[in-house]
Amino acid sequence: MNKVVVVTLSGGLIGILIDSPARALRRTIAEHNAAGWKVAQVIPSETGNVLMFIGRLLLLVCTLFLFTSTNGYYIIFERIGTATGADIVPGAATPHCSRCGGVVEAVDAFCEHCGNKLG
């Protein structure tokens, strides 16, 4: 079982002073590792669109060089599923929902937390 998470970054003075790509990646990876996902791959987001570049430049000028959006990263996470549709989180003995990570019973048909159909 896999999922893709987009990590967005900030540019301009705010991005230089506050936002760090390493910190944003570390925070996102730690959050998903706690839910039982592990990183399979990190891919830099490269947008070569001229209109996107012009829009970002206009946003930067309109905000007096304080903020603009920049290219971020795609993180691909993976989790090994069981035959019932619930997943076993490493280090845990109970099955978890594949969508929200909530604890479920092996006999449940739906997750009580998010309504995801199990199995």
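Worth pointing out:
- Taking a ≥ b ≥ c as the square roots of the eigenvalues of the alpha-carbon gyration tensor, region 2-79 is classed oblate because a/c is 1.5 or more while a/b is no larger than b/c.
- In this label model, Thr63 and Glu46 are separated by 2.5 nm, measuring between points 7 Å along each Cα→Cβ vector.
- Spin-label pair Glu105/Arg27, simplified geometry with 7 Å Cα→Cβ offset, distance in nm: 3.9 nm
Any read-out appearing in this document is the output of simple, stated calculations on the displayed coordinates, not a laboratory observation. It should be emphasised that the depicted structure is a prediction, and the values quoted were computed from it without experimental measurement. Glycine also receives a Cβ, built like all others from the backbone with ideal geometry; neighbour counts cover every protein chain displayed.
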